[in-house]
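Novice: Right, I'll just put the structure down here and ask away after.
The values are calculated or read from the model by the stated rules, or taken from the named source; none is laboratory data. Just so it is clear, the model here is predicted, and its values are computed rather than measured. Don't worry about glycine lacking a Cβ; one is built from the backbone with ideal geometry, like all the others, and counts go over all protein chains shown.
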Amino acid sequence: MDWIHDVKLTSSLTPAEEYPLMTYRKEVFVEQVRLIDCFARHLVHHRTIKANLASDRPPSWFWSDTCDAHLLQASIYWCMVFGSHGANETHLRHLVVEQADELQRSFRERLLAVLRITESEWRSYRDEVLAFRNKYAAHRALGPKPPVPTFDRALETAFCYDEWVREVIYPDLLDGPPLRKLVNEWRRSVGSEVLAALDGSTLR
């Protein structure tokens, strides 16, 4: 599979001021970037398909299942970085070894400012996404299905990470455009692909 980000690193000469002594784990960073790209891409696919499954089209199990599968996969990828850290080697806090608490606090402060929410609201939202992942997407709990989260904050969290981590890894530089720009490009290209596929299918 070709990744949108090839995660190619280059170096700059000037050290970072905010994280001058922080040595990050490149193998974790590379995987985090890939997972966040995958999350955003699957979310774009889900939303684009859902938006184009208009009520005037005949029902289709294929398109319905495809739409749902993208959302389930998006939730799984997001939780690999922002969910419970536990044994998950790709969690945000594992980006460094000795300053994990400081690193996580730095990201959380940036994120709360971006989302304009309190830490309590963030924890509640994260727990909602985790519950959806744990009880429905990756596993299946008996009883009522957990509510489907609104993924707007999850996507903004991914954008925030993309901007923040470029500062953390400095003087290394991540080649490629910002995730926010990539998502806008995916929305345009995927929209055209989905419409062409729907128009060419038996739904017409």
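Novice: Of all residues being touching a residue at least 40 places away in the same chain (Cβ under 8 Å) and within 16 Å of Ser75 (Cα to Cα) in the stretch 108-133, which is farthest from the chain's Cα centre (by Cα)? Just the residue, please. Lay out the reasoning, then the answer.
Specialist: Initial filter on the stretch 108-133 (touching a residue at least 40 places away in the same chain (Cβ under 8 Å)): 110-111, 114-115, 126, 129-130, 132-133.
With the extra rule that they be within 16 Å of Ser75 (Cα to Cα), the set shrinks to 126, 129-130, 132-133.
Working: Arg126: 13, Val129: 12, Leu130: 13, Phe132: 15, Arg133: 13 Å.
For the stretch 108-133, the residue satisfying everything is Phe132.
Novice: Restricting the search to the stretch 164-190, which residues are of a type outside the set (A, V, I, L, M) and closer than 29 Å to Glu102 by Cα? Don't jump to the end; show me each part of the working.
Specialist: From the stretch 164-190, those of a type outside the set (A, V, I, L, M) are 164, 166-167, 170-172, 175-178, 180-181, 184-189; that's our starting set.
Once the filter is applied, which keeps residues that are of a type outside the set (A, V, I, L, M) and closer than 29 Å to Glu102 by Cα, the stretch 164-190 yields Trp164, Arg166, Glu167, Tyr170, Pro171, Asp172, Asp175, Gly176, Pro177, Pro178, Arg180, Lys181.
Novice: Among all residue pairs at least 6 apart or on different chains, which show Cβ distances below 9 Å where the first residue, located in the stretch 152-166, is closer than 13 Å to Ala74 by Cα and the second is crowded, with 17+ Cβ neighbours inside 10 Å and acidic (Asp, Glu)?
Specialist: Taking only residues 6 or more apart or on different chains, the pairs are Ala158/Asp37.
Novice: If you don't mind, another one. Which one of these is assigned to a helix (DSSP H, G or I), surrounded by 13 or more Cβ atoms within 10 Å (Cβ to Cβ) and touching a His at 6+ places or on another chain (Cβ under 8 Å): Val190, Val165? Spell out how you get there, then give the answer.
Specialist: Numbers: Val165 fails: touching a His at 6+ places or on another chain (Cβ under 8 Å).
Sole residue among the options that is assigned to a helix (DSSP H, G or I), surrounded by 13 or more Cβ atoms within 10 Å (Cβ to Cβ) and touching a His at 6+ places or on another chain (Cβ under 8 Å): Val190.
Novice: To continue, here is another question. Check off (1) closer than 18 Å to Met80 by Cβ; (2) crowded, with 18+ Cβ neighbours inside 10 Å for Glu156 and give me the number that stays unchecked.
Specialist: (2)
Novice: Suppose we keep only residues that are assigned to a loop (DSSP other than H, G, I, E, B) and of a type outside the set (Phe, Trp, Tyr) within the stretch 168-181. Which one would you say is nearest to the chain's Cα centre (by Cα)? Break it down stepwise before answering.
Specialist: Residues of the stretch 168-181 assigned to a loop (DSSP other than H, G, I, E, B): 169-171, 175-178.
Keeping just the survivors that are of a type outside the set (Phe, Trp, Tyr) gives 169, 171, 175-178.
Values: Ile169: 19, Pro171: 24, Asp175: 18, Gly176: 17, Pro177: 16, Pro178: 13 Å.
Step by step, filter the stretch 168-181, then rank; the result is Pro178.
Novice: Residues of the stretch 84-116 being among the aliphatic types (A, V, I, L, M) and either part of a helix (DSSP H, G or I) or loosely packed, with under 15 Cβ neighbours inside 10 Å (or both), which ones? Give the steps one after another, and end with the answer.
Specialist: Here is the first cut: in the stretch 84-116, the residues among the aliphatic types (A, V, I, L, M) are 87, 92, 95-97, 100, 103, 111-115.
Listed by number, the residues that qualify are Ala87, Leu92, Leu95, Val97, Ala100, Leu103, Leu111, Leu112, Ala113, Val114, Leu115.
Novice: Hey, another quick one. Which of (1) touching a His at 6+ places or on another chain (Cβ under 9 Å); (2) more than 17 Å from His91 (Cβ to Cβ) does Arg133 not meet, given it meets every other one?
Specialist: Condition not satisfied by Arg133: (2).
Novice: Still on this model: Quick one: how many residues across the stretch 119-137 are crowded, with 16+ Cβ neighbours inside 10 Å and in contact with a helix residue (DSSP H, G or I) (Cβ under 7 Å, 6 or more places away or on another chain)?
Specialist: 8
Novice: Determine the pairs where a residue that is closer than 17 Å to Arg188 by Cβ, located within the stretch 35-47, has a partner that is of a type in the set (Lys, Arg) and assigned to a helix (DSSP H, G or I) with Cβ atoms under 9 Å apart, the partner being 6 or more residues away or on another chain.
Specialist: Filtered contacts from the stretch 35-47: Val44/Arg187; Arg47/Arg187.
Novice: Does Leu92 qualify as being in contact with a Lys or Arg (Cβ under 7 Å, 6 or more places away or on another chain), at pLDDT below 95 and within 19 Å of Tyr24 (Cα to Cα)? Show your work before the answer.
Specialist: Working: in contact with a Lys or Arg (Cβ under 7 Å, 6 or more places away or on another chain): no; at pLDDT below 95: yes; within 19 Å of Tyr24 (Cα to Cα): yes.
For Leu92, the condition - in contact with a Lys or Arg (Cβ under 7 Å, 6 or more places away or on another chain), at pLDDT below 95 and within 19 Å of Tyr24 (Cα to Cα) - is not met.
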